[in-house]
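Presented below is the structure to which this report refers.
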Amino acid sequence: MVKKPASLGRVEWELLQYIDQNHPISVREVAQYWNEKTGQARTTVLTMMERMTKKGFLTRKKIDNVFHYSPKQSLSEVLTDLVGDFVNGVLGGSVVPLAAYLTQSQPLKAEEIEQLKKLVQRLEADTSAQARKRGKSK
């Protein structure tokens, strides 16, 4: 049986971003921030952080007898994995619906369009390189 990749909810993503910006960080410190932001109790934060640790998004280490948490991966790696899971699981592996969404959603900023152009250029270069490799191996 293939293990399903761990998912990350919106609230967990927000916590992960905060932890990434402030790690290593204790539950008490995260709970204080989260309580000021949302009014939720420390036990709720602890439960979410433990769940995120079990899912593999956080690591913890004892410092002065208190657990301190850090992200297991960079946020960009987590995002890449989450988008990959979405594309493969929901879109059947096709990025075309995602690209179509970009043309119909709110207007993109000029810098976002430039980033997308660079990505397309890189894809084209990678595709050309792979085609040349296949041609040489025949």
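Do you know the Lys pair count in the chain for C-alpha distances under 23 Å, with sequence separation 8 or more or different chains?
Pairs that pass both the separation and distance tests number 14.
Rounded to the nearest Å, what's the spacing between the alpha carbon centres of the range 15-44 and the range 67-104? Just the number, please.
If we compute the Cα centre of each part, the gap is 24 Å.
Can you compute the modelled spin-label distance between ALA41 and ALA110, with each label point 7 Å from Cα toward Cβ, in nm?
Simple spin-label model gives 5.2 nm for this pair.
Which ³J(HN,Hα) values in Hz, rounded to whole numbers, follow from the phi angles of the range 83-100 under the Karplus curve 6.51 cos²θ - 1.76 cosθ + 1.60, where θ = phi - 60° and Gly and Pro get x?
5, x, 4, 5, 4, 6, x, 9, 9, x, x, 9, 8, 4, x, 5, 5, 4
Amide H neighbours of SER26 under 5 Å, at least 5 residues apart or on other chains, H built in the peptide plane: list them.
TYR69
Suppose R0 equals 30 Å; then what is the FRET efficiency for SER128 and LEU98 from their Cβ-Cβ distance, rounded to the nearest 0.05?
Numbers: r = 23 Å, r/R0 = 0.76.
E(calc), rounded to 0.05, equals 0.85.
With Cβ to Cβ distances under 10 Å as the rule, what net charge do the other residues near GLN73 carry (K, R +1; D, E -1)? Don't jump to the answer; show the numbers that get you there.
Numbers: positive: LYS72; negative: ASP20, GLU77, ASP81.
Net charge around GLN73: -2.
Nearest 0.05, what FRET efficiency do ALA6 and LYS136 give at R0 = 41 Å with Cβ-Cβ as r?
Values: r = 40 Å, r/R0 = 0.98.
Plugging the Cβ-Cβ distance into 1/(1 + (r/R0)^6) gives 0.55.
Would you please give the residues with an amide H less than 5 Å from that of THR59, counting only those at least 5 places away or on a separate chain, with H modeled from the backbone geometry?
Here the answer is SER70, LYS72, since their amide H atoms fall under 5 Å of that of THR59.
Kirkwood Rh, the chain, all Cα pairs: how many Å? Before the final figure, lay out the partial values.
Numbers: mean 1/r = 0.0551 Å⁻¹.
Computed over Cα pairs of the chain, the Kirkwood hydrodynamic radius comes out at 18.2 Å.
Between LEU91 and ASN65, what is the spin-label point distance in nm, taking each point 7 Å from the Cα along the Cα→C-beta axis?
It is 5.1 nm.
Could you give each residue of the range 49-56 its phi-based ³J(HN,Hα) in whole Hz, using Karplus coefficients 6.51, -1.76, 1.60 with θ = phi - 60°, and x for Gly or Pro?
Using θ = phi - 60°, the values come out as 5, 5, 4, 5, 5, 5, 6, x Hz.
About the Cα centre of the range 80-138, how large is the charge dipole given +1 on each Lys and Arg Cβ and -1 on each Asp and Glu Cβ? Please answer in debye to the nearest 20. Mind dumping the intermediate values first?
Details: 9 positive and 7 negative charges, 121 e Å.
For the range 80-138, the charge dipole is close to 580 debye.
Specify the angular offset, from 0 to 90 degrees and rounded to the nearest 10, of the alpha carbon long axis of helix 27-38 from the longest principal axis of the alpha carbons in the chain.
Rounded to the nearest ten degrees, it is 80.
Coordinate-derived values only; no laboratory data. Bear in mind that the values here come from a model prediction, so they are computed numbers and not experimental data. Every residue, glycine as well, gets a Cβ built from its backbone with ideal geometry; the counts of neighbours run over all protein chains shown.
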